[in-house]
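Read-outs: derived from the displayed coordinates by stated rules, not from any lab. This structure is a prediction, so every number in the text was calculated from the model and none was measured. Methodologically, a virtual Cβ is constructed for each residue, glycine included, from the backbone with ideal geometry; neighbour enumeration extends over all protein chains shown.
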Amino acid sequence: MGIYSHYVGGDPRVRLLELQRSGEIDIVIGGEGEHEVNANWSIDKAYRQLADTCEACGGLVVRDGLCQLLLMKTYGPSFVLEWMHGRLYKISIREHTTWWEAE
């Protein structure tokens, strides 16, 4: 086997989604790296984490009701994060295009 002794076959995108959905790794919103959320976080924890990051990066996060956050950045699209039954359910680009979704 040699240098590939830890290789696991398969599609890395599928594995990434599995890890994100289980909460083993955070979801990087938009892919740039500043704004992260975890599928297991409550909306309150996500709001606190994103508010800290937005404050440092010049963005804004707004809580919209009991189950939505709106993440507005100084560049690129805005994202809507939605919770259902206490878990992160969906991340959409503000124009209602799904960007990330739980099963």
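Which of the residues belonging to region 45-73 are in a loop (DSSP other than H, G, I, E, B) and either polar (S, T, N, Q) or surrounded by fewer than 18 Cβ atoms within 10 Å (Cβ to Cβ) (or both)? Please lay out each step first, then the result.
Going through region 45-73, the residues in a loop (DSSP other than H, G, I, E, B) turn out to be 58-59, 65-67, 73.
Within region 45-73, 58, 65, 66, 67 meet the criteria.
Restricting to region 1-30, what's the tally of residues that are basic (Lys, Arg) and without any contact (Cβ under 8 Å) to a residue 12 or more places away in the chain? Please lay out each step first, then the result.
First, pick out the residues of region 1-30 that are basic (Lys, Arg): 13, 15, 21.
Then drop every residue that is not without any contact (Cβ under 8 Å) to a residue 12 or more places away in the chain, which leaves 13, 15.
Matching residues across region 1-30 total 2.
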Of everything in region 78-93, what is exposed (fewer than 15 other Cβ atoms within 10 Å of the Cβ) and outside any strand (DSSP E or B)? Give them in sequence order.
85, 86
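Which ones in region 62-85 are over 15 Å from residue 32 (Cα atoms) and either polar (S, T, N, Q) or over 15 Å from the mean Cα position of the chain (by Cα) (or both)?
Residues of region 62-85 over 15 Å from residue 32 (Cα atoms): 62-70, 80-85.
Within region 62-85, 62, 63, 64, 65, 66, 68, 85 meet the criteria.
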Let me spell it out: the conditions are (1) in contact (Cβ under 8 Å) with a residue 24 or more places away in the chain; (2) within 12 Å of the chain's Cα centre (by Cα), and residue 59 meets all of them except one. Which number is the exception?
(2)
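In region 1-33, how many are surrounded by fewer than 15 Cβ atoms within 10 Å (Cβ to Cβ) and not in a helix (DSSP H, G or I)? Before the answer, list the steps.
First, the residues of region 1-33 that are surrounded by fewer than 15 Cβ atoms within 10 Å (Cβ to Cβ): 1-16, 18-19, 22-25, 28, 31-33.
So of that shortlist, the ones also not in a helix (DSSP H, G or I) come out as 1, 5-11, 23-25, 28, 32-33.
The total comes to 14.
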Which residue pairs have Cβ atoms under 7 Å apart, sit 6 or more places apart or on different chains, and have a first residue in region 31-47 that is over 21 Å from residue 84 (Cα atoms) and a second that is of a type in the set (Val, Ile, Thr)?
34/53
